[in-house]
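Remarks on the structure that follows.
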Amino acid sequence: MPRLLFNVTHGQDDPERATVPWIAAATAVVSGLDVVVVCTADAVNVGVEGWAEQVEDEGMPNLADLLRQVVDGGGQVWLCSACTTKRGITGDDLRPGTTIVGAARIVEALADPDTRAASLA
């Protein structure tokens, strides 16, 4: 089964762009696909408890609900290690279902012929 990688870069700075990839990822998880959401830049804050609950755009689902759907459905949420370091986020800060990963792990996943990367924002 192919793995789908969804990259998210936005958060509270642009709730619409932050939410759209999560909608696609949640849909893919519900469809039984192997999903990884790769969070970079401001989006790594999703790993901090309480942050996703503050990201919502009128007419769009709350980001925290989408995050829960992805994690509860077996999807993975990877947080860029360089981006978390810049923001002072450590493993002690993480909400369940999120993991800090380095660039090598992301590149390895992208190099896998069974991986498909999606850019939605």
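State all residues of region 3-27 that are buried (at least 20 other Cβ atoms within 10 Å of the Cβ) and not in a strand (DSSP E or B); if no residue qualifies, say none.
Thr9, His10, Gly11, Ala18, Thr19, Pro21, Trp22, Ala25, Ala26
Any residue in region 61-77 that's in a loop (DSSP other than H, G, I, E, B): show its pairings with residues that are among the hydroxyl-bearing types (Ser, Thr, Tyr) at Cβ separation under 8 Å, as long as the two are six or more apart or on different chains.
Pro61/Thr19
Of the residues that sit in region 46-66 and are among the hydrophobic types (A, V, I, L, M, F, W, C) and under 22 Å from Thr27 (Cβ atoms), which one is nearest to the chain's Cα centre (by Cα)?
Let us first name the residues in region 46-66 that are among the hydrophobic types (A, V, I, L, M, F, W, C), namely 46, 48, 51-52, 55, 60, 63-64, 66.
Filter once more, keeping what is under 22 Å from Thr27 (Cβ atoms): 46, 52, 55, 60, 63-64, 66.
Details: Val46: 7, Ala52: 11, Val55: 13, Met60: 17, Leu63: 10, Ala64: 11, Leu66: 10 Å.
Applying the filter and picking the extreme gives Val46.
If you go through region 94-105, how many residues are without any contact (Cβ under 8 Å) to a residue 40 or more places away in the chain, in a loop (DSSP other than H, G, I, E, B) and surrounded by 11 or more Cβ atoms within 10 Å (Cβ to Cβ)?
Total meeting the criteria: 2.
Out of all the residues in region 78-93, which are at pLDDT below 95 and either surrounded by 12 or more Cβ atoms within 10 Å (Cβ to Cβ) or in a strand (DSSP E or B) (or both)?
Within region 78-93, Asp93 is the sole residue that qualifies.
Restricting the search to region 28-41, which residues are within 12 Å of the chain's Cα centre (by Cα) and surrounded by 20 or more Cβ atoms within 10 Å (Cβ to Cβ)? Spell out how you get there, then give the answer.
Initially, region 28-41 is screened for residues within 12 Å of the chain's Cα centre (by Cα), giving 35-41.
Val35, Val36, Val37, Val38, Cys39, listed by residue number.
Among the listed residues Val55, Val46, which satisfies the condition of being modelled with pLDDT of 95 or more and either among the small types (Gly, Ala, Ser) or touching a helix residue (DSSP H, G or I) at 6+ places or on another chain (Cβ under 8 Å) (or both)?
Sole residue among the options that is modelled with pLDDT of 95 or more and either among the small types (Gly, Ala, Ser) or touching a helix residue (DSSP H, G or I) at 6+ places or on another chain (Cβ under 8 Å) (or both): Val46.
Residue pairs, Cβ under 8 Å, 6 or more apart or interchain, first in region 1-21 and more than 11 Å from Ala41 (Cβ to Cβ), second small (Gly, Ala, Ser) and in a helix (DSSP H, G or I). List them.
Every condition considered, the pairs that remain are Arg3/Ala109; Leu4/Ala25; Leu4/Ala28; Leu5/Ala109; Phe6/Ala24; Phe6/Ala25; Phe6/Ala28; Gln12/Ala18.
Does Glu108 fit the bill of being of a type in the set (D, E, K, R), surrounded by fewer than 18 Cβ atoms within 10 Å (Cβ to Cβ) and part of a loop (DSSP other than H, G, I, E, B)? Outline the logic, then answer.
Values: of a type in the set (D, E, K, R): yes; surrounded by fewer than 18 Cβ atoms within 10 Å (Cβ to Cβ): yes; part of a loop (DSSP other than H, G, I, E, B): no.
Against the criterion (of a type in the set (D, E, K, R), surrounded by fewer than 18 Cβ atoms within 10 Å (Cβ to Cβ) and part of a loop (DSSP other than H, G, I, E, B)), Glu108 does not qualify.
The values are calculated or read from the model by the stated rules, or taken from the named source; none is laboratory data. As the structure is a computational prediction, the values presented were derived from the model and not from experiment. Every residue, glycine as well, gets a Cβ built from its backbone with ideal geometry; the counts of neighbours run over all protein chains shown.
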